[in-house]
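Here's the structure we're looking at; comments come further down.
The values are calculated or read from the model by the stated rules, or taken from the named source; none is laboratory data. Quantities reported herein were computed from a predicted structural model and do not represent experimental measurements. Positions of Cβ are generated from backbone atoms using ideal geometry, with glycine treated the same way; all protein chains shown enter the neighbour counts. Remember, those area values only see protein heavy atoms, side chains included, never the ligands or the DNA or RNA. Shrake-Rupley method; radii C 1.70, N 1.55, O 1.52, S 1.80 Å.
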Amino acid sequence: MCGIVAYLGEKKAYPIIIEGLKRLEYRGYDSAGIALLNGKMQVLKKKGKVSELENHASEQLENYDYSMGIGHTRWATHGVPNDVNAHPHTSNDGNISIIHNGIIENYDSIKKALIEKGHVFHSDTDTEVLAHLIGEIQKTEKLPLEEVVRLALKKCVGAYAIVVMDQNDPGKLVGAKFSSPLVLGIGDDEFFLASDASPIIKYTNKVIYLNDGEIVTIKRGKGYCIKNLSNETQNPKVSELDLKLEEIEKGGYDHFMLKEIFQQPTTVATSMKGRINSKEGWAILGGMKPNIARIAKSDRIILTACGTSWHSAMIGEYLLEDLARIPTEVEYASEFRYRNPIIKENDFIVALSQSGETADTLAAIKMAKAKGAYLYGIVNAVGSSIARETDSGSYIHAGPEIGVASTKAFTGQSTILALMALYLGHHKGLIEETYFRKLLAELESVPSKITKILAKDDHIKYIAGEIKNASNALYLGRGYNFPVALEGALKLKEISYIHAEGYPAAEMKHGPIALIDMYMPVIVLATNKSAYEKIVSNIQEVKARKGIVIAIVTEGDEIIKEIADFIIEIPEIEEPLTPLLSVIPMQLLAYHIAVMRGCHIDQPRNLAKSVTVE
Ligand code: G6P
């Protein structure tokens, strides 16, 4: 989704903003733009990549001597991706420029009123309407920019992170946030505003995560001031970033996605750190500890999320019902928030999100909070909105995930869910001690077992080459492997653009079997001990129709080896922990197929990393 970078300081703004926009490219975008101010404002916008904006700037920019500016990557919502719809947008008189992430829902009525006043619009965007509204209020009220922005925002309904610059009020930037993220970076005599910390970390580790309804004013030589929409001064908390520049660089890998797949032995170990000890026989989540008695007595657990996080939530459902015996439901956040769900005081609601900014997940928990539920977050991005909105939670500590297709966040979330189920089940006295310790030891062994699977990368790449030209693919799994089948299909769709479906293996007979012919690769997750014979039968059914079977099996499996076209062996593990291993070949298979098809791995078409609009 849209990315925001703004700079005000002593350095040259242009290279800082361009570099910042490149750091935000991973969020997904289709055009980019920049406005620079040094006495006079210059606005440059271009459809396509930031590099195209740079080429355009090398021809158009009058000089590079600007010490303040705003930059934007746009993911189209209102109006097609083109130069005109790209941000920044300017006010009717051209004095004010604005960049925006979010949607102004009542833009149409505001636009009509402004047209009646003689405003002329050039783009199809809601953002240009906000630029004109700010300009109109400034013209009539003659107030400082921050005050004008506040009055304009009070008329808006929707979501926004914005930064505003006025060429008649140089040396000042005004930023504001509601539902979309905005971070203020505080350096020595310089300030940054950005959608996340990645454009800031090179210059300072001091940041303030703005809260909804806050407006920040930065003045050259005078510092910053944060007020709310009621014009009351706020006392913000300055946080120190625990992020290193290397973490947001490729580190020798061809793509961020590959780096993140290969990081998983480390990230899964980090997710568990201090939370498990098989020798002493405990698993604990600090966020749950103070309320463990209350959580253990929950009538129901509701897990809510979107995308890949929704798939790990499904694994959570299997784990929590299996080990902690608490009825668990999994809800798409976008459906949950709008379908008038029954939420009781004794429900435990868990939101899962890599970014911590997904608009639907955020709105779902706000709705649940309003109904009195206790909220828990399983989040990767530290300081993100969902992390702050929930009553407590567990960070997965996977480090920044930059590839749009989520990988290490999935295994991190699944690790936390396994710990949650073990902690609750043990607290309730439901797991027999020997089995409990066995599961703890098995969970601790996951990082080294992932390393063993990663060592099979060449074999997986070979299989990828054999099926890379397919137009469709089917992923089948039973029990704990069913959510992995869904995730495997999603990975392939996202980055290779091959149509893929995940199905419970037994359900194949009820429809998808009609699709199977000699061109159809069928990826079967066949590591289950329970229902092993059933899954063997499912493989036979596929082979009987000449489908190409790629089976993920437990090391030493001799039966499926004889039937499948290709096998990928993974180490043996207790069934509830299987997804942490069986997903790795899914990720590598999708990755290699997409590379062979020449796709954009880290920024697949149309997708966004952090979906901050509904
Ligand atoms: C987008 C991303 C997915 C992600 C989903 C949920 O669609 O492309 O990779 O799984 O959002 O994001 P979240 O940050 O809430 O986990």
Do we have any residue at all in region 586-599 that's open to solvent by 20 Å² or more (accessible area, probe 1.4 Å) and free of Cβ contacts under 8 Å to residues at least 60 places away in the same chain? yes
Region 43-70 residues that are at negative phi, paired with ones that are open to solvent by 40 Å² or more (accessible area, probe 1.4 Å) and assigned to a strand (DSSP E or B) (beta carbon under 7 Å, 6 or more apart): V43/T90; E52/K46; L53/K46; H56/K46; D65/N38; Y66/N38; S67/N38
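For region 378-406, give me each residue that is near the ligand (Cβ under 9 Å from one of its atoms) and in a loop (DSSP other than H, G, I, E, B). Show your work before the answer.
From region 378-406, those near the ligand (Cβ under 9 Å from one of its atoms) are 379-381, 384, 386, 401, 403-406; that's our starting set.
Hits for region 378-406 are N380, A381, S384, E401, G403, V404, A405, S406.
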Those residues of region 97-140 which are within 16 Å of A159 (Cα to Cα) and part of a strand (DSSP E or B), in sequence order: I98, I99, H100, N101, G102, I103, I104
Hits in region 187-213 (condition: under 16 Å from V163 (Cβ atoms) and more than 23 Å from the chain's Cα centre (by Cα)): E190, F191
Is there a residue being open to solvent by 70 Å² or more (accessible area, probe 1.4 Å) and in contact with a Leu (Cβ under 7 Å, 6 or more places away or on another chain) anywhere in region 59-77? yes
Flag if G412 is within 15 Å of the ligand (Cβ to nearest atom), assigned to a helix (DSSP H, G or I) and closer than 30 Å to I601 by Cβ: yes
Filtering region 91-127 down to residues that are surrounded by fewer than 22 Cβ atoms within 10 Å (Cβ to Cβ) and of a type in the set (S, T, N, Q) yields N92, N95, N106, S109, S123
Which one of these does L258 not meet: (1) open to solvent by 10 Å² or more (accessible area, probe 1.4 Å); (2) in contact (Cβ under 8 Å) with a residue 12 or more places away in the chain; (3) not in a helix (DSSP H, G or I)? (3)
Those residues of region 28-79 which are of a type in the set (F, W, Y) and within 15 Å of Y7 (Cβ to Cβ), in sequence order: Y64, Y66
Of all residues in region 345-367 being in a helix (DSSP H, G or I) and out of contact with any helix residue (DSSP H, G or I) (no Cβ under 6 Å at 6 or more places or on another chain), which is nearest to the ligand (Cβ to nearest atom)? A359
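Residues in region 6-50 that are within 16 Å of the ligand (Cβ to nearest atom), open to solvent by less than 10 Å² (accessible area, probe 1.4 Å) and in a loop (DSSP other than H, G, I, E, B): how many? So that I can check it myself, show each step before the final result.
Step one: of region 6-50, the residues within 16 Å of the ligand (Cβ to nearest atom) are 24-30.
This time we only want the ones that are open to solvent by less than 10 Å² (accessible area, probe 1.4 Å), so: 24, 27-28.
After this cut, where a residue has to be in a loop (DSSP other than H, G, I, E, B) as well, the list is 24, 28.
Summing the residues that are within 16 Å of the ligand (Cβ to nearest atom), open to solvent by less than 10 Å² (accessible area, probe 1.4 Å) and in a loop (DSSP other than H, G, I, E, B) in region 6-50 gives 2.
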Can you name the number of the only condition in (1) open to solvent by less than 60 Å² (accessible area, probe 1.4 Å); (2) over 24 Å from H255 (Cβ atoms); (3) under 24 Å from the mean Cα position of the chain (by Cα) that N82 fails? (3)
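When region 78-94 is examined, which residues are found to be assigned to a loop (DSSP other than H, G, I, E, B) and either touching a helix residue (DSSP H, G or I) at 6+ places or on another chain (Cβ under 7 Å) or aliphatic (A, V, I, L, M) (or both)?
Within region 78-94, the first condition is being assigned to a loop (DSSP other than H, G, I, E, B), and the residues that meet it are 78-88, 91-94.
The answer is H78, V80, V84, A86, H87, S91, N92, D93.
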